[in-house]
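Since the structure comes first, as structure tokens, the remarks are kept for the end.
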Amino acid sequence: GDGVHSGSTTEQLSISNAAVTMDGWQYQFEVSTACMPLLSDVVTLTVWDNPVPTITPVGAYPYYPLICGGDVLTMDGAPMGGSGTYTTHQWSGAIGPLSGTNTQVVDFETVVKGQYALAYTVTDSRGCVGSDVVTIENERPTAQFISDAVPSCGYMEVNFTNTSSAEATSFLWDFDDGTTSPDKDVTHGFDNISPDGQVAYYNIFMEAISDHNCRDTARSVITIYPKVDATIDADPTEGCQPLYVTFITAPGAGNYRWDFGDGSAAVDGGYVIYHMYENYTTAAVVHTVELTTTSFYGCQDTETVDITVEPIPAPNFSAAPMVQTYPDATVTFTNTTTAGPWTFSWDFGDGNSSNEENPVHTYNDPGTYMVKFYVNNGDCIDSTGTSVVIHPREPVAAFAEPPGGCSPLEIQFVNQSQWVTTYMWDFGDGYVSTKENPSHTYYDPGEMTIRLQVNGPGGTDYASWTINVYETPNLAFNSAPDSVFVKDMPVRFFNLTSGATDYQWDFGDYYEDGTAAPLNFSNAADTSHIYYTEGVKDVKLVAWNEHCIDSLILPAVKVIPAGDIQFPNVFRPDPSGPTGGFVDPNDPNLDPSIANSIFFPGVNKQVEEYHLYIYNRWGELIFQSHDINKGWDGYIKGSLAVQGVYLWKVTLVYKNGSPDSMAGDITLLWKKAQ
């Protein structure tokens with residue numbers, strides 16, 4: 001009577017809904033008779049656990065058990081526990097969307113929205129059974145829309161009305177032209193400007209999205225025939241008659257209908273066409289051109305453009321007189337052009353112009369002038385012309401009269417002729433020139449008659465002038481010998497000049513301060529000179545006659561310095577020891593202290609051979625040198641000589657071959673201690 005056991009007083013005991021807690025309970029059967037009761041064997045009750053499944057999604061499903069229609073939901077029965085191994089798996093209920101019914105893991109997939117109740121049962125090897133249930137809500141909004149689109153020519157705006165199901169709470173439109181929209185109902189423009197005439201098809205996509213991000217897509221196609229563009233490019237749009245105009249429009253149409261607006265018949269042509277406009281009035285005429293283009297799909301467009309045609313005048317004039325002789329050169333011009341809104345321009349052919357209607361013009365020079373008369377109407381212009389002749393005057397030959405002079409005489413001639421085009425000069429010495437202002441040099445003396453012949457449009461004329469070209473002395477000289485010593489033998493100068501009567505010599509013999517040496521100048525024709533200064537001498541000879549003078553400078557003579565030698569009368573040897581006595585008096589960097597410590601000739605010029613002897617006061621030779629650059633350093637056999645007076649003697653030969661000898665005394669002083 002405990003709800004689990006029944007028939008406990010009968011021969012058969014029934015146990016129902018045995019719980020796991022009853023596992024191990026023992027049971028014994030007692031039989032009672034008239035005799036004592038008898039007990040059966042003890043029986044132990046065994047109760048096993050049932051498996052416990054839990055249907056679990058495999059993966060991320062943020063709204064499980066709600067999923068989006070069309071998505072794949074993987075579910076695992078995920079059994080746990082039980083009394084053994086799992087032997088069977090069974091799915092039941094709305095099993096149509098399942099990938100299988102007898103596996104632990106199944107896939108759920110369907111685009112049909114709704115609720116799907118599913119049960120999963122698992123049985124283990126001891127027959128214990130466990131179950132779990134789940135209801136899948138398959139959510140899928142229905143995306144749909146309608147539009148007022150019809151096949152159109154060129155640009156069209158389309159209104160899209162969204163008729164999607166209520167689950168759709170947001171939307172995304174793709175118009176197939178690179179643009180999108182998130183609005184529910186939209187209006188969008190489509191165009192087709194294909195230059196090759198292709199039909200444009202726009203694939204419209206609209207995606208409906210629920211709050212759970214479930215999506216559905218609707219699509220449609222918009223057809224746009226190619227736009228016909230009748231835009232006209234006219235070149236030019238205005239101008240003077242006859243005006244040739246080129247018309248161009250966009251290609252790709254099936255037909256082009258041109259009406260040129262000037263009364264001529266409209267024509268069916270291509271997208272490029274030409275037309276000529278005329279205007280014989282005196283005012284501008286405007287023609288409106290109309291183009292109608294039709295595509296292969298029946299699309300049309302119309303465009304117009306204005307063409308302005310200006311008239312061109314017919315110029316005419318008279319000139320009086322047309323022929324004159326200079327200086328008469330004034331011409332009156334009379335305009336005889338038909339009256340109109342014209343402006344006028346004259347080109348008189350001489351670089352001058354006028355905007356008067358009837359000008360009077362004076363020409364400055366003779367000539368034949370091409371006169372041009374321009375008549376304008378804005379940018380429209382026409383012209384006519386005639387020749388006006390101004391005969392030239394006879395030419396006049398003249399030039400500035402040059403003075404005479406000494407040869408070579410260079411003259412720059414200054415032409416003063418008038419009304420001349422060509423020149424011919426005869427200089428009187430056999431030379432000629434055709435230059436207007438020539439330059440000429442006369443080299444030979446004599447009387448020269450200069451003649452000028454000029455030619456011009458009016459004839460020929462002549463002019464002449466006589467000049468005297470005087471002889472300029474022709475200087476030349478030589479000398480001997482070409483080298484001498486100072487104050488030695490004289491140099492003779494031989495005058496070879498011709499054409500001179502008077503002379504002056506400058507022998508170039510100057511001291512360092514610029515003072516001239518004795519007898520440096522001479523007026524003799526041939527002369528001689530003894531030089532007092534050394535160096536290469538430039539000799540100048542000036543020669544002249546009654547009219548002309550000239551000079552000549554030549555480096556004619558080399559003057560060699562004369563021999564010279566000079567000795568000091570006292571010196572102070574270097575107390576630090578012998579120096580060898582070598583010294584070069586011509587060395588510009590010679591230390592004076594060294595020079596003063598050696599006895600040697602401080603001045604020596606042109607010495608060819610040299611011998612120096614030093615004696616003490618008893619006449620004993622204590623030093624000798626045969627090198628002019630080696631003097632006595634004041635030491636005798638390595639020891640400093642005593643203070644006192646010593647005698648010296650020199651024999652020598654100068655470079656000019658002259659021998660010489662001299663003697664004297666030298667005082668040797670010791671240097672004071674520092």
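The values are calculated or read from the model by the stated rules, or taken from the named source; none is laboratory data. In this text the structure is predicted, and so the values were computed from the model without any measurement. Every residue, glycine as well, gets a Cβ built from its backbone with ideal geometry; the counts of neighbours run over all protein chains shown. Areas reflect the complete protein model, heavy atoms only, side chains present, ligands, DNA and RNA absent. Shrake-Rupley method; radii C 1.70, N 1.55, O 1.52, S 1.80 Å.
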Q. For residues in the range 80-111 being part of a strand (DSSP E or B) and closer than 20 Å to V47 by Cβ, which is least open to solvent (accessible area, probe 1.4 Å)?
A. G81
Q: With the checklist (1) in a strand (DSSP E or B); (2) open to solvent by 70 Å² or more (accessible area, probe 1.4 Å); (3) within 23 Å of T249 (Cβ to Cβ) in hand, flag the one item K227 doesn't pass.
A: (1)
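Just name the residue that is farthest from T308 (Cα to Cα) out of those in the range 248-267 that are assigned to a loop (DSSP other than H, G, I, E, B) and open to solvent by 60 Å² or more (accessible area, probe 1.4 Å).
P251
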Q: For the range 440-457, state whether one or more residues are exposed (fewer than 13 other Cβ atoms within 10 Å of the Cβ) and of a type in the set (A, V, I, L, M, F, W, C).
A: no
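Residue by residue, here is whether (1) at pLDDT below 95; (2) part of a loop (DSSP other than H, G, I, E, B) holds:
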| site | (1), (2) |
| --- | --- |
| D365 | yes, yes |
| K372 | no, no |
| V375 | yes, no |
| I390 | yes, no |
| P402 | no, yes |
| W425 | no, no |
| L452 | no, no |
Q.
Looking only at the range 498-513, how many residues end up being touching a residue at least 40 places away in the same chain (Cβ under 8 Å) and either among the polar types (S, T, N, Q) or closer than 30 Å to D444 by Cα (or both)?
A. 5
**Q.** Whichever residue in the range 608-621 is of a type outside the set (D, E, K, R) and in a strand (DSSP E or B) and, among such residues, is most open to solvent (accessible area, probe 1.4 Å)
**A.** L621
Q) Among (1) open to solvent by less than 60 Å² (accessible area, probe 1.4 Å); (2) in contact (Cβ under 8 Å) with a residue 24 or more places away in the chain; (3) more than 30 Å from G114 (Cα to Cα), which single condition is I209 missing? A) (3)
Q) Is it fair to say I312 is surrounded by 16 or more Cβ atoms within 10 Å (Cβ to Cβ), of a type in the set (V, I, T) and more than 45 Å from the chain's Cα centre (by Cα)? A) yes
Q. Which residues, taken from the range 230-247, are β-branched (V, I, T) and outside any loop (DSSP other than H, G, I, E, B)?
A. V245, T246
Q. Which of the residues spanning the range 95-140 are touching a residue at least 60 places away in the same chain (Cβ under 8 Å) and within 24 Å of S210 (Cα to Cα)?
A. V134, T135, I136, E137, N138, E139, R140
Q. Looking at (1) surrounded by 15 or more Cβ atoms within 10 Å (Cβ to Cβ); (2) within 30 Å of P555 (Cα to Cα); (3) free of Cβ contacts under 8 Å to residues at least 60 places away in the same chain, can you tell me which one E471 breaks?
A. (3)
Q. Here are N520, N569, N495, N545: which of them is free of Cβ contacts under 8 Å to residues at least 40 places away in the same chain and polar (S, T, N, Q)?
A. N520
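Suppose we filter P408, P402, P366, P341 for residues that are touching a residue at least 12 places away in the same chain (Cβ under 8 Å) and open to solvent by 80 Å² or more (accessible area, probe 1.4 Å); which single one remains?
Answer to the check: P408.
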Q) Within the range 645-666, which residues are among the hydrophobic types (A, V, I, L, M, F, W, C), exposed (fewer than 14 other Cβ atoms within 10 Å of the Cβ) and more than 16 Å from Q566 (Cβ to Cβ)? A) V645
Q: Hey, can you tell me all the residues within the range 315-338 that are open to solvent by less than 70 Å² (accessible area, probe 1.4 Å), in contact (Cβ under 8 Å) with a residue 40 or more places away in the chain and either of a type in the set (F, W, Y) or more than 13 Å from S383 (Cα to Cα) (or both)?
A: F317, A319, Q324, Y326, A329, V331, F333
Q: Could you please find all residues in the range 268-290 being open to solvent by less than 50 Å² (accessible area, probe 1.4 Å) and closer than 18 Å to L243 by Cβ?
A: I273, H275, Y277, N279, V285, H287, V289
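Give me the strands (runs of 3 or more DSSP E) completely within the range 112-189, filtered to those with at least 1 residues that are open to solvent by 30 Å² or more (accessible area, probe 1.4 Å), at pLDDT 95 or above and over 30 Å from T87 (Cα atoms), ordered by residue number.
Strands (runs of 3 or more DSSP E) meeting the threshold: 145-147, 156-162, 170-174.
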